[in-house]
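Have a look at the structure below, then the notes.
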Amino acid sequence: MYWEKDVETMPREKLDELQLARLKESITRASSSSFYGTLFNEIGFNPDDIRSLTDIENIPFTTKDNLRDHWPYGFLSVSKDKLVRMHSSSGTTGRATVVFHTAQDIDAWTNAVARSMYMTGMRRGDVFQNMMAYGLFTGGLGFHYGAERLGALVIPAGAGNSKRQIQLMQDFETTVIHIIPSYALHLYKVFEEMGVDPREDTSLNIAFIGAEPHSEKTRKKIEELYGVRAFNSYGLSEMNGPGVAFECEIQGGMHVWEDNFFIEIIDPETMKPVLDGEEGELVMTSLLREGMPILRYRTRDITRIISGECPCGRSHKRIERIKGRTDDMMIIKGVNIFPVQIEKKLMEVPGVGTDFQIILEREGFDDVMHVRVEVQKEFFTGNLKQLENLRRKIVGELKSDILITPKVELVEPNTIPKSDGKAVRVVDNRHD
Ligand code: AMP
Ligand code: ZN
């Protein structure tokens, strides 16, 4: 039932002790990076000052901007020749945040993913089809190596190509899939078109769903359509990727692997810890990473800690499914997109006016991004072809950066409603 019983069911006090010991080590390692070394000097902090877990509050938070500003090597705590892999966050072709791993980091990460999968009932003998993008995104290789470690047969299908996915599932009797929830709903339509019923005509029994926020309703729907049990998988590239928090067979919240990570929940306004069980922003500290330790990282993800013991016997804290973000990042088809990326691209196109709006809709099971763009008046003086050319150019420019194809509508100046305060850049109509 357990991958590593001693670790997974470790009594609270022992787990706290382990965390404190690892926290000290992690902070000491971090202090040899240029970013934390400078920071600790500036604030007069000494890693020996950590005597209890709450002493971590003496260290400032780390943000995505810090990672960007010290790109690419400012957070490295080892020499470059000890690194064996890099990954980055999904969604942008620009200068994304990068994370580097040593062989030991990859080993610990792989183990955490294997442990997570095992917890849901996946075993040696299972056939695992990984339908996540391989490459820089962590959902591909992260899950891949975890599944191999567990001893499953892995089909590295990668993202997209729906018909082939279904064919693979049938030919090789896939039992476990890893899939983005919005894509799972989309893929079902393709099943229907092909006249294949996933409940009857495949061997599927487990799905790992993650990489984007989704509701309990969406989980239930996936379980019903596919005849599987669907488990929520949470992770972020800054903390390796998958294998950060995962649901057990109880499906009552996600266990955070506390031997790997120390977590805090803060009020994003006051930046102080919230009361036990209250909602707030998840802040994470890596405990084992040697290549690139990250301390008190503001994930921007909103969740809360579920109190009480989990009937599965694991002692590691559980967090509730991610409710949203404290910044304006959108996640569309698993791809992270910031409105400012759209803005930057639009402003580079001659003819574009001053205002734009992003409207997110769910069409059938698909997420669709509509972008309404105000363009200069001249484009509306009769030459429709010119307008269409501009529209196509904008679609192409946006696609090259955000990697998904938006539906672009060009409108006359002053069409987009102005608000009194901050511009309402994003209207999210994707409610279930
Ligand atoms: P990346 O670093 O590109 O892997 O993106 C990580 C972000 O994806 C997280 O900070 C979350 O906002 C989101 N994410 C990942 N897994 C989940 C999940 N299971 N539920 C909700 N959001 C998720
Ligand atoms: Zn549990």
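In percent, how large is the relative contact order of segment 241-299, given Cα pairs closer than 8 Å and 6 or more residues apart?
It rounds to 24 percent for segment 241-299.
For the chain, what proportion of DSSP beta bridges, expressed in % and rounded to the nearest 5, is antiparallel?
Percentage antiparallel, nearest 5: 60.
What does the C-alpha gyration tensor say about the overall shape of segment 1-140? Classify as rounded when a/c is under 1.5, otherwise prolate if a/b is larger than b/c, or oblate.
Oblate is the answer for segment 1-140, as a/c is 1.5 or above yet b/c matches or exceeds a/b.
Using a cut-off of 15 Å between beta-carbons, work out the net charge of the residues near residue 6 (Lys and Arg +1, Asp and Glu -1, residue 6 not included).
My count for the surroundings of residue 6 gives -1.
With a 10 Å cut-off between alpha carbons and a GNM built on the chain, which of 354, 218, 120 moves the most?
354
Here are some pairs, 64/344; 217/333; 323/393; 333/377; which of them have Cα atoms lying more than 27 Å apart in this structure? Intermediate values should be presented prior to the final figure.
On the way: 64/344 19 Å; 217/333 17 Å; 323/393 35 Å; 333/377 34 Å.
Cα-Cα > 27 Å for 323/393; 333/377; rest within.
Any idea what the relative contact order of the chain is, in percent, if you count C-alpha pairs under 8 Å spaced at least 6 apart?
It comes to 15 percent, rounded to a whole number.
Starting from the Kirkwood radius over alpha-carbon pairs of segment 284-432, derive D by Stokes-Einstein at 37 °C in a medium of 0.692 mPa s and give it in µm² s⁻¹. The partial results should precede the final answer.
Values: Rh = 18.4 Å.
Translational diffusion coefficient: 178 µm²/s.
So which lysines can residue 24 reach, going by Cα to Cα under 22 Å and dropping same-chain residues fewer than 8 places off?
The qualifying lysines are 14, 82, 272, 317.
When you count, for each residue, the other Cβ atoms within 10 Å and take the mean per peptide, how do 219-225, 31-37, 9-15 rank with the highest first? Each step should come with its number before you reach the end.
Numbers: 219-225: 16.9, 31-37: 18.4, 9-15: 13.1.
Highest-to-lowest ranking by the protection proxy: 31-37, 219-225, 9-15.
Could you name the aspartates and glutamates whose alpha carbon sits less than 12 Å from that of residue 221, not counting residues in the same chain fewer than 8 places away?
Candidates past the 8-residue exclusion: 432.
Cα convex hull of segment 1-326: how many Å³ per residue?
129
All of the numbers you see were taken from the coordinates with simple rules; none came from a lab. The structure displayed is predicted, hence computed values, not measured ones. In this analysis, Cβ positions are derived from the backbone assuming ideal geometry, glycine residues included, and neighbour counts consider all displayed protein chains.
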